[in-house]
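Participant: Attaching a single structure in structure tokens format; questions to follow.
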Amino acid sequence: MKIILGKNNKIIINYEIKSLGIPNYKMWMPFLDIEGQLTILICDNIFFEETQFFTLCEFAYHLNQWLKLVKKNNQDFHYNPLDVDDDIDLFHFKYIEDKNSWKIFSSWQKFDSEILFDLDEIFNPFNQYVEKFIQELKQTYHLEITKILNDKVSNYCTFKLNSYQRRKILELHEIFADKIKPLY
């Protein structure tokens, strides 16, 4: 299912889950195993695009942690996924204090955006992404990850699956083999 968020905003986020990964040894690493396509548009121009292997859950986790703090203290957002070796941030939302606004950067950006966003313009579409991602995993794949996304301690831990969850993920791989492809 392709999800498009923030149609009426300057920032539009499109994502699609393409792989849930295959749980091995009754363990599953949702941060690395839930992958897909992510596109971020700024004023209808593609700012960022990864068409297949973006770690959607890891991104949702870091966004969720930032979203909890940003309204209190205007903290910058830095995101560099575990599977990327670069020392530069894949995403950086920088607070510009003298203008009371935000600017978005990415080491993979398609263009330099000079647009400054107010907090709601940056908060709302990324908050929608986290909420819709959680909702889609729960409704479509019967996976509950809210606890993982809210966990401050074990942010890169593996997730212990009960037999039903493991079986469900494996069944989904068989049923949706053409849409959800395991990574080997």
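Participant: Exactly one of (1) touching a residue at least 40 places away in the same chain (Cβ under 8 Å); (2) exposed (fewer than 12 other Cβ atoms within 10 Å of the Cβ) is unmet by LYS99. Its number?
Facilitator: (1)
Participant: Could you run through region 107-153 and say how many residues are in contact with an Asp or Glu (Cβ under 8 Å, 6 or more places away or on another chain) and either modelled with pLDDT of 95 or more or not polar (S, T, N, Q) (or both)?
Facilitator: Summing the residues that are in contact with an Asp or Glu (Cβ under 8 Å, 6 or more places away or on another chain) and either modelled with pLDDT of 95 or more or not polar (S, T, N, Q) (or both) in region 107-153 gives 4.
Participant: Here is a follow-up. For region 49-59, indicate whether the set of residues that are part of a strand (DSSP E or B), open to solvent by 60 Å² or more (accessible area, probe 1.4 Å) and closer than 19 Å to PRO125 by Cβ is non-empty.
Facilitator: So far as region 49-59 goes, yes, one or more of its residues are part of a strand (DSSP E or B), open to solvent by 60 Å² or more (accessible area, probe 1.4 Å) and closer than 19 Å to PRO125 by Cβ.
Participant: Looking at ASP44, ASP33 in this structure, which one is of a type in the set (D, E, K, R), more than 22 Å from TYR95 (Cβ to Cβ) and at pLDDT below 90?
Facilitator: Only one candidate qualifies: ASP33.
Participant: Taking region 110-153 on its own, how many of its residues are more than 16 Å from the chain's Cα centre (by Cα) and under 19 Å from LEU41 (Cβ atoms)?
Facilitator: Number satisfying all stated conditions: 11.
The values are calculated or read from the model by the stated rules, or taken from the named source; none is laboratory data. All figures in this text were calculated on a predicted structure; none of them were measured in a lab. Glycine also receives a Cβ, built like all others from the backbone with ideal geometry; neighbour counts cover every protein chain displayed. Each accessible area value is taken on the protein alone, full model and side chains, heavy atoms only, with ligands, DNA and RNA left out. Shrake-Rupley method; radii C 1.70, N 1.55, O 1.52, S 1.80 Å.
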